[in-house]
Every structure is written in structure tokens, then in C-alpha cells.
Ligand code: ADP
Ligand code: MG
């Protein structure tokens, strides 16, 4: 299995709930290492650019408005199969459909306010890591 890196964001709802530590603990106890992190309050331009792939979707404006409603915690996670592992820990996009014990089942309220973002593939992980951590490579170099 390969060591991968993936981009994770703790969204404004979960930051406001004061559960950054609890979510970090999920990563750490499941073999994902936090290798970069920063807190940021995104501008509409940054959030729109980050979610550009969704710009034609009906929920795009609500998504951007939500992502700029408060600070977010952005991190790069590293570990065996980090991309899929993080998606597994996150649970389904709609928290009502998320498996018990997942981050979204435990900390999210709705499909809009769903606690976390995670890259969905190797290509998006590379783009998203570069977007928030310019110069950081998707490969660990180990
Ligand atoms: P995920 O975050 O699980 O990768 P997507 O990439 O499909 O999900 O969508 C990005 C984000 O857009 C979701 O996390 C969610 O906040 C929002 N979103 C997705 N689908 C909907 C929807 N049908 N209604 C409202 N918001 C949505
Ligand atoms: Mg996605």
C-alpha cells in the first residue's frame, strides 16, 4: 500500500462547535498524520476557486457562503491510503446517510453544514494541497 497525502478542511460549523481536537483525534487514532495545518477565514474568491468544480451546481452559492461564514482549519493528512481512509472517516456527504461513528454522523447537522472536506482522489488531492500549501508536494518523499 502507498503512503499518500490528502487535503482535509474542518468547516466553519465544526470549528464553531469547538471540535477541532476531537476531529484531529479521529485522524491520529486511525493512522493519519497531520503534516501541515493552518487556520484561515477564506474569502469568497478563495472558496469559489477551491470549489470551482461545483460552480455550475445549484448549491454552489450556498456552499461558498457557508465556507466563508467563519474560520476553517485546513490540514494535509499523510498515511497509508490517506485519501480513501480520510473519506471513510468522514462518512457520506449527507450526515443523515453517514455511517455511525463517522465524523459527519457525529459532528454534522446537514448536507450544507457537514463538518469536513476531504479530497476525493489523487488528482484532486494534488491540486487541493497545492492550493492551500503552495510548494508542498503530494508525495511524502519518504
Ligand atoms: P463531499 O464533500 O462529500 O466530497 P461533494 O464534493 O459532492 O461532497 O460536494 C461538496 C460540498 O458541497 C459538500 O460537502 C456539501 O457541503 C455541498 N453539497 C453537496 N451536495 C449538496 C446538495 N445536494 N445540497 C447542498 N449542498 C451540497
Ligand atoms: Mg468533494
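The values are calculated or read from the model by the stated rules, or taken from the named source; none is laboratory data. All values derive from a computational prediction rather than experimental measurement. No Cβ is skipped: glycine too gets one built from the backbone with ideal geometry, and neighbour counts run over all protein chains shown.
Considering the stretch 103-137, the residues that are farther than 19 Å from residue 49 by Cα and surrounded by 21 or more Cβ atoms within 10 Å (Cβ to Cβ) include one that is farthest from ligand 1 (Cβ to nearest atom), namely 107. Scan the stretch 56-74 for residues that are part of a helix (DSSP H, G or I) and either in contact with a helix residue (DSSP H, G or I) (Cβ under 6 Å, 6 or more places away or on another chain) or modelled with pLDDT under 95 (or both) and the total you get is 3. Beta carbons closer than 8 Å, at least 6 apart along the sequence or on distinct chains, pair a first residue in the stretch 112-129 that is over 16 Å from residue 27 (Cβ atoms) and free of Cβ contacts under 8 Å to residues at least 60 places away in the same chain with a second that is more than 10 Å from ligand 1 (Cβ to nearest atom) and in a helix (DSSP H, G or I) for 120/83; 121/83.
Taken over the stretch 83-102, residues that are surrounded by 16 or more Cβ atoms within 10 Å (Cβ to Cβ) and on the phi > 0 side of the Ramachandran plot amount to 1. Within the stretch 1-45, track down each residue that is part of a helix (DSSP H, G or I) and closer than 18 Å to residue 68 by Cα. Result: 12, 13, 14, 15, 16, 20, 44, 45.
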